[in-house]
Every structure is written in structure tokens, then in C-alpha cells.
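> I am attaching a structure below and will ask some questions about it afterwards.
The values are calculated or read from the model by the stated rules, or taken from the named source; none is laboratory data. Since the structure is predicted, the reported quantities are computational estimates derived from the model, not experimental observations. No Cβ is skipped: glycine too gets one built from the backbone with ideal geometry, and neighbour counts run over all protein chains shown.
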């Protein structure tokens, strides 16, 4: 589990794809980081742009930073923006929560529900409003003032479109800290972002469906 409070922005330094039939069936990612490698062990979970991945190796550096590696399967490559990510890309990183972690955001599983896209940005004096396209099958889970994870960042929905329009969207308001300390500050219109809706909404829908 994660909380959506990004600990640092790392860098994807190496991507090695395993190709079969002209398509990537898996990939090994090597990511440079510092904070998330403190007390890290093989098998630990780290969220990369909201995707829960397992640490398979660590190469420490003398300056306290290091490079950690992880394996990504075809399912994850096809269902998240990791499939199109290339070396040099910045990534949001967060270690899995512990029983003593403060829940500053909201509970997240690190299981991406779909890929959205930045539609536009409107800067303001104290925050920036960002509109994001939403896959139609996820629109029913997103509500105004509810929680959503965008590239692993826990955010509050400030506005939503109707759920029955062909291209639904939602908006979030990003404070200066979020703009500065996560990758969302540099996302341009058209760029993809990973989305994870509030899991409680999905459980409620499942339970209500079973009752009816």
C-alpha cells in the first residue's frame, strides 16, 4: 500500500526490453534514486509513477545515491505509461507504507486503473489547475472532492465533467509544492499519466451489484 505522498523524483537511467514477435513482453528498468534507497532490501515495493514494482537489485554509489532495478511484465507495460517511457525520464517514487507511516494522502494499491492525458493547464497566483482526460470506464469512480492518484500523486478532484460524455475529464489544483516536488509540474498537454481511482468506490460498486 502507498499514500500518494511522493518522496523524491528519480531518473530512469536504463531500460532493457525483452522482445518477442516484435513487441516488448517484459522490461528491466534501472532507476537512479536516493531517499527511497534508505534501508531498502531486495523484494521491497516502490511505486514508480504510481505503479507498484519490486526491487530486484541495488547498486549503491559513494555519494549516498544509487541505482535500483526492477522487472516489469507485459501487462504493466500495456496498462500504464511505463510502456512508453524511455531512459532519462523523471519518475515519482514512493516506498510502501509501514504501520508507523503517517497517512498524508489516501490509501493506494499501486495498481493503475487506466491511462489519462493532460488536456490543459491554467496557472494561478497560488496554484495551477490541470485538466486531465479520463477513460470513459473510470468516469463513474471519480467525484468532486474525492481522491485520485495521478502518476502516483494523491490529489483531490476539484471539478469533473458529466460521466456520459464521449470524452470525460476531471480537474485538480496543484499547489507550488506539488508542482516543484513531483513530475506533474512539468507535464505538458498531450502527455500520458497513470490513474488510480479510489479503491473504496470500486468495492462499493461491487457490493451494490451483488446485492441487486
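> Would you confirm whether or not segment 61-69 contains a residue that is in contact with a helix residue (DSSP H, G or I) (Cβ under 7 Å, 6 or more places away or on another chain), crowded, with 16+ Cβ neighbours inside 10 Å and either over 17 Å from residue 194 (Cα atoms) or in the same structural domain as residue 174 (by TED's automatic domain parsing) (or both)?
Step one: filter segment 61-69 for residues in contact with a helix residue (DSSP H, G or I) (Cβ under 7 Å, 6 or more places away or on another chain), giving 66, 68.
Add one more test, that the residue is crowded, with 16+ Cβ neighbours inside 10 Å, and what stays is 66, 68.
Subsequent filtering for residues that are either over 17 Å from residue 194 (Cα atoms) or in the same structural domain as residue 174 (by TED's automatic domain parsing) (or both) retains 66, 68.
Yes, the conditions are met somewhere in segment 61-69.
> Moving on to the next point. Does residue 151 satisfy the condition of being surrounded by 20 or more Cβ atoms within 10 Å (Cβ to Cβ) and within 20 Å of residue 204 (Cβ to Cβ)? Can you show your working first?
On the way: surrounded by 20 or more Cβ atoms within 10 Å (Cβ to Cβ): yes; within 20 Å of residue 204 (Cβ to Cβ): no.
No, not satisfied.
> Still on this structure, I have one more. Taking segment 143-185 only, how many residues are over 29 Å from residue 95 (Cα atoms) and not in a strand (DSSP E or B)?
Selection size over segment 143-185: 8.
> Please go through (1) under 25 Å from residue 203 (Cα atoms); (2) modelled with pLDDT under 95 for residue 83 and return the number of the only condition it doesn't satisfy.
(1)
> Now for a different question. Sort out which residues of segment 35-65 are closer than 10 Å to residue 93 by Cα and assigned to a loop (DSSP other than H, G, I, E, B), and write them in order of number.
49, 50
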